[in-house]
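A short worksheet on the structure shown next.
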Amino acid sequence: MFDGQSLTGWTETAFAGRGEIQCREGMMVLKMGDPFTGLNWTNDFPHMNYEVALDAFRAMGSDFFCGLTVPVGDSFCSLIVGGWGGSLLGISSLNGLDASENETTKYMNFESRRWYRIRLRVTEKRIQVWVDTEKLVDVDTSDKKISLRPGDIEMSKPFGLACWQTSAFWREIKYRRVSGPEGRAK
């Protein structure tokens, strides 16, 4: 999805107050926005049974450095990494509850100026998330209403990446089709 040399296949998300976006040294470089900066994928993307992986780095700021908005069937949700002051990970939204309020909420120390490998898998009845090699989210979605948190993040549909009051670097963005969930959470 990203060749490391250009932003081919991507367009700037029209967030008001967005920061500058560049491609350099094999990375997407997003300058801090007020509040959002982001990109949307312009090519086809599956709505179910896929996995997305990317490396994400918070260069400056103290909030989410990876807001990954993806389709889930006929709906959409966002994986938030480093939100709510820098330490939250979760899915927005499940049953109307955002990443800080639902069963996917996790708090961890996301260090600035460190690369994290983020992996999200969406299948018929599950959403799973790994940071580096640790599975942090494994939620059964069969009885859940999946939606986006109301507001500007909706401009990231159908597939987009964003950061909030933070400068971020992204690289190695890939996706693949999958047939089902991977293992179960411990």
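The values are calculated or read from the model by the stated rules, or taken from the named source; none is laboratory data. Nothing here was measured: the structure is a model prediction, and the numbers come from that model. Backbone-built Cβ (ideal geometry, glycine too); neighbour counts: all protein chains shown.
Residues of segment 145-179 that are farther than 18 Å from residue 73 by Cα, surrounded by fewer than 16 Cβ atoms within 10 Å (Cβ to Cβ) and of a type in the set (Lys, Arg): 174 alone. Scanning segment 172-186 for residues that are more than 13 Å from the chain's Cα centre (by Cα) and modelled with pLDDT of 95 or more yields 172, 176, 177, 178. Apart from one condition, residue 142 fits all of (1) surrounded by fewer than 17 Cβ atoms within 10 Å (Cβ to Cβ); (2) within 23 Å of residue 2 (Cβ to Cβ); (3) among the hydroxyl-bearing types (Ser, Thr, Tyr); the exception is (2). For segment 36-80, residues that are assigned to a strand (DSSP E or B), farther than 14 Å from residue 153 by Cα and aliphatic (A, V, I, L, M) total 7.
Answer yes or no as to whether residue 99 is of a type in the set (A, V, I, L, M, F, W, C), at pLDDT 95 or above, outside any loop (DSSP other than H, G, I, E, B) and under 22 Å from residue 134 (Cα atoms). No: the conditions fail for residue 99.
The rows are residues; the columns are (1) touching a strand residue (DSSP E or B) at 6+ places or on another chain (Cβ under 9 Å); (2) farther than 15 Å from residue 90 by Cβ; (3) free of Cβ contacts under 8 Å to residues at least 60 places away in the same chain.
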{"residue": "106", "(1), (2), (3)": "yes, no, yes"}
{"residue": "109", "(1), (2), (3)": "no, yes, yes"}
{"residue": "112", "(1), (2), (3)": "yes, yes, yes"}
{"residue": "125", "(1), (2), (3)": "yes, yes, yes"}
{"residue": "128", "(1), (2), (3)": "yes, no, yes"}
{"residue": "132", "(1), (2), (3)": "yes, yes, yes"}
{"residue": "136", "(1), (2), (3)": "yes, no, yes"}
{"residue": "143", "(1), (2), (3)": "no, yes, yes"}
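Out of all the residues in segment 13-29, is one or more over 22 Å from residue 148 (Cβ atoms) and among the polar types (S, T, N, Q)? Taking every residue of segment 13-29 in turn, at least one turns out to be over 22 Å from residue 148 (Cβ atoms) and among the polar types (S, T, N, Q).
None of 101, 134 is surrounded by 14 or more Cβ atoms within 10 Å (Cβ to Cβ), acidic (Asp, Glu) and on the phi < 0 side of the Ramachandran plot except 101.
Is there a residue being in contact with a helix residue (DSSP H, G or I) (Cβ under 8 Å, 6 or more places away or on another chain), in contact (Cβ under 8 Å) with a residue 12 or more places away in the chain and not basic (Lys, Arg) anywhere in segment 41-56? No, every residue in segment 41-56 fails to be in contact with a helix residue (DSSP H, G or I) (Cβ under 8 Å, 6 or more places away or on another chain), in contact (Cβ under 8 Å) with a residue 12 or more places away in the chain and not basic (Lys, Arg). Scanning segment 116-131 for residues that are loosely packed, with under 15 Cβ neighbours inside 10 Å and in a strand (DSSP E or B) gives a single hit, 117. Within segment 1-19, the set of residues being among the acidic types (Asp, Glu) and either surrounded by 15 or more Cβ atoms within 10 Å (Cβ to Cβ) or under 16 Å from the mean Cα position of the chain (by Cα) (or both) comprises 12 only.
Selection of first residues in segment 1-17 that are closer than 14 Å to residue 38 by Cβ and of second residues that are among the polar types (S, T, N, Q) and assigned to a loop (DSSP other than H, G, I, E, B), restricted to Cβ pairs under 8 Å at least 6 apart or on distinct chains, gives the following pairs, ordered by first then second residue: 10/42; 11/42.
Of the residues 4, 19, 33, which single one is part of a loop (DSSP other than H, G, I, E, B), over 13 Å from residue 168 (Cβ atoms) and at pLDDT 95 or above? Being part of a loop (DSSP other than H, G, I, E, B), over 13 Å from residue 168 (Cβ atoms) and at pLDDT 95 or above holds for just one of 4, 19, 33, which is 4.
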